[in-house]
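These notes concern the structure reproduced below.
The values are calculated or read from the model by the stated rules, or taken from the named source; none is laboratory data. Computed from a prediction, not measured in an experiment: that's the story for all the values here. Every residue, glycine among them, receives a Cβ derived from its backbone with ideal geometry; neighbour counts consider all protein chains shown. The accessibility values were calculated without ligands, DNA or RNA, using every heavy atom of the protein model including side chains. Shrake-Rupley method; radii C 1.70, N 1.55, O 1.52, S 1.80 Å.
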Amino acid sequence: MWGGRFDEAPDAVMRAINASLPFDKVMWRQDIAASRAHAEMLAAQGIVSAVDVAAIDAGLAQLAEEFERDGPPDGDDEDIHMAVEARLTALIGPAAGRLHTARSRNDQVATDFRLWVRDAIDRASAAIGAMRAALLDRAEQHADAVMPGFTHLQSAQPVTLGHHLMAWLEMLVRDASRFTDARARANQSPLGSAALAGTGFPVDRHATAQALGFDGPTANSLDSVSDRDFAIEFLTAATQCALHLSRMAEEIVIWASQPFGFVDLPDRWSTGSSIMPQKRNPDAAELVRGHSGRIMGCLTALMVTMKGLPLAYSKDMQDDKEPVFEAAGMLQVSLAAMTGMVRELTFRTDRMRTLAESGFATATDLADWLVREADVPFREAHHIVGRAVKLAEERGCGLPELPLADLQSIDARIDDRVFDVLTIDASVASRTSHGGTAPVRVREAIAAARAALESSK
């Protein structure tokens with residue numbers, strides 16, 4: 001490619017370190033699409049003859065069919081861009097050499113990479129949408145099912161399983177919005193920026209941007225070829241999504257353990273042990289949890305690569321793609337695995353209810369009752385309830401099982417109305433504030449979330 005300037009061929013090690021075809025060949029669709037748009041513009045602007053561009057376009061279309069059928073090439077070309085050009089030359093001859101008119105590999109790579117990242121964002125957004133739909137179905141199914149709510153992994157207050165699953169959904173809603181924002185900023189076309197300074201040919205950058213579905217061309221040719229913030233934003237959104245998936249996976253791991261017993265894992269989403277026949281391991285959830293660390297590492301790798309680079313292009317930036325490709329693949333499989341588990345887990349709501357009734361989960365309801373019905377300052381009510389909990393522990397019973405006389409021995413202002421708030425059903429039903437766990441609020445949240453999901457499609 002640059003033989004006119006050099007007398008000797010690159011060393012074998014130089015060829016190995018310089019080659020990116022083994023990994024960037026995944027961008028073949030984007031490279032062919034961008035090349036076809038570029039060729040069409042060259043003809044429209046009279047830069048290359050219509051005859052040559054027709055041959056180029058036909059050759060690129062044939063290339064796309066070949067790659068779709070047989071896969072992209074594994075050859076000695078440096079990268080997918082040169083592999084496409086080499087094969088195009090073999091198909092149509094010298095006219096292929098005109099395709100690179102008014103274009104550099106710098107803007108070619110930047111364009112292809114943006115197109116690939118944009119497609120990856122769309123795939124991630126669709127996968128998040130599928131998981132949101134699965135969560136909505138399960139939350140609606142269990143809008144009334146009572147389970148323990150935890151702080152510090154200690155029983156805190158009763159909530160509904162539907163409410164808990166909707167908390168997972170809210171994480172995904174924000175994840176989806178981050179991908180949407182990242183896509184909007186990435187959706188500008190670098191094509192036509194050439195190496196770094198633009199080109200003297202009368203190119204129409206708006207035409208190629210429109211042909212490729214971009215909102216418009218980038219504003220500065222130097223910036224266009226030298227930044228990868230769009231890839232970093234994708235990885236940032238992917239990392240945050242993976243962290244959310246990891247937290248959900250961790251809860252599945254905990255819930256599936258025998259001490260909790262909140263869920264039964266289906267065979268399709270678990271594995272066994274080579275030595276212990278009784279085991280059913282939550283390996284899918286554990287791998288989702290593990291993938292989050294690797295995705296985070298991909299973000300760190302790209303940021304460290306970019307942090308000290310002067311403008312414009314440096315060869316370090318060839319290392320920009322592998323972390324993005326790796327993270328995108330891991331995120332897709334993580335979302336698919338979590339969606340499958342959400343759809344197929346068996347929730348043991350009887351077990352959840354039993355544990356919700358233990359641990360004095362309605363202690364705060366008793367304190368709130370004292371504040372509301374007996375005009376007791378909350379801090380004083382807190383101490384009163386603490387004494388009641390201590391007495392119940394000594395008696396080996398729950399707060400609802402303490403006789404009224406025992407409660408009144410602690411504070412005479414307590415009367416028999418208090419038993420209306422000490423059951424777990426009464427507790428969850430009372431939490432009617434916006435975003436609360438009351439089943440009526442959960443169903444409202446589900447309806448609103450379904451409408452939002454439909455409108456985002």
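Values as computed for the structure displayed
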quantity	calculated
Given (1) crowded, with 22+ Cβ neighbours inside 10 Å; (2) of a type outside the set (Lys, Arg); (3) modelled with pLDDT of 95 or more; (4) out of contact with any Phe, Trp or Tyr (no Cβ under 9 Å at 6 or more places or on another chain), number of the condition residue 229 does not satisfy	(1)
Every residue from region 390-399 that is surrounded by 17 or more Cβ atoms within 10 Å (Cβ to Cβ) and either part of a helix (DSSP H, G or I) or among the basic types (Lys, Arg) (or both)	392, 399
Residue that is nearest to residue 26 (Cα to Cα) [pool: residues in region 84-120 that are open to solvent by 10 Å² or more (accessible area, probe 1.4 Å), small (Gly, Ala, Ser) and touching an Asp or Glu at 6+ places or on another chain (Cβ under 7 Å)]	86
In region 265-290, residue nearest to the chain's Cα centre (by Cα) [restricted to those that are charged (D, E, K, R) and modelled with pLDDT under 90]	268
Matching option when the condition is touching a Leu at 6+ places or on another chain (Cβ under 8 Å), β-branched (Val, Ile, Thr) and part of a helix (DSSP H, G or I), among 376, 342, 371	342
Spans of helices (runs of 4 or more DSSP H) in region 144-258 with at least 3 residues under 19 Å from residue 103 (Cβ atoms) and among the hydroxyl-bearing types (Ser, Thr, Tyr)	221-226
Test: residue in region 58-73 that is touching a helix residue (DSSP H, G or I) at 6+ places or on another chain (Cβ under 8 Å), open to solvent by 30 Å² or more (accessible area, probe 1.4 Å) and modelled with pLDDT under 95	yes
Test result for residue 235, in contact with a Leu (Cβ under 9 Å, 6 or more places away or on another chain), closer than 22 Å to residue 311 by Cβ, open to solvent by less than 60 Å² (accessible area, probe 1.4 Å) and not β-branched (Val, Ile, Thr)	yes
Residues (at pLDDT 95 or above and either of a type in the set (A, V, I, L, M, F, W, C) or in contact with a strand residue (DSSP E or B) (Cβ under 8 Å, 6 or more places away or on another chain) (or both)) located in region 151-162	159, 160, 161
Residue check for residue 370: touching a residue at least 24 places away in the same chain (Cβ under 8 Å), touching a Ser or Thr at 6+ places or on another chain (Cβ under 9 Å) and open to solvent by less than 70 Å² (accessible area, probe 1.4 Å)	no
Any hit, region 271-279, residues being hydroxyl-bearing (Ser, Thr, Tyr) and open to solvent by less than 20 Å² (accessible area, probe 1.4 Å)	no
Selection within region 38-50 - assigned to a helix (DSSP H, G or I) and either touching a residue at least 24 places away in the same chain (Cβ under 8 Å) or surrounded by 20 or more Cβ atoms within 10 Å (Cβ to Cβ) (or both)	38, 39, 40, 41, 42, 44
Test: residue in region 272-295 that is under 30 Å from residue 105 (Cβ atoms) and of a type in the set (A, V, I, L, M)	yes
Residue pairs meeting the criteria (Cβ under 6 Å; at least 6 apart or on separate chains; first more than 14 Å from residue 242 (Cα to Cα), in region 169-187; second among the hydrophobic types (A, V, I, L, M, F, W, C) and open to solvent by less than 50 Å² (accessible area, probe 1.4 Å))	182/234; 182/237; 183/121; 186/117; 186/230; 187/214
Residue in region 174-193 that is over 24 Å from residue 234 (Cα atoms), of a type in the set (Val, Ile, Thr) and open to solvent by 10 Å² or more (accessible area, probe 1.4 Å) present	no
Within region 410-433, tally of residues that are part of a loop (DSSP other than H, G, I, E, B), over 34 Å from the mean Cα position of the chain (by Cα) and of a type in the set (S, T, N, Q)	1
From the options 29, 98, residue that is of a type outside the set (A, V, I, L, M, F, W, C), touching a residue at least 12 places away in the same chain (Cβ under 8 Å) and under 22 Å from residue 203 (Cα atoms)	98
Region 278-298 residues that are assigned to a helix (DSSP H, G or I) and small (Gly, Ala, Ser), paired with ones that are at pLDDT 95 or above and open to solvent by 40 Å² or more (accessible area, probe 1.4 Å) (beta carbon under 7 Å, 6 or more apart)	292/243
Matching residues in region 434-457 - criterion: being open to solvent by 80 Å² or more (accessible area, probe 1.4 Å) and not in a helix (DSSP H, G or I)	434, 457
Residue satisfying all of: in region 319-363; modelled with pLDDT under 90 and of a type in the set (S, T, N, Q); least open to solvent (accessible area, probe 1.4 Å) among these	362
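A quick yes/no check of all residues on (1) open to solvent by less than 40 Å² (accessible area, probe 1.4 Å); (2) within 25 Å of residue 356 (Cα to Cα); (3) hydroxyl-bearing (Ser, Thr, Tyr):
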| position | (1), (2), (3) |
| --- | --- |
| 214 | yes, no, no |
| 220 | no, no, no |
| 262 | yes, yes, no |
| 265 | yes, yes, no |
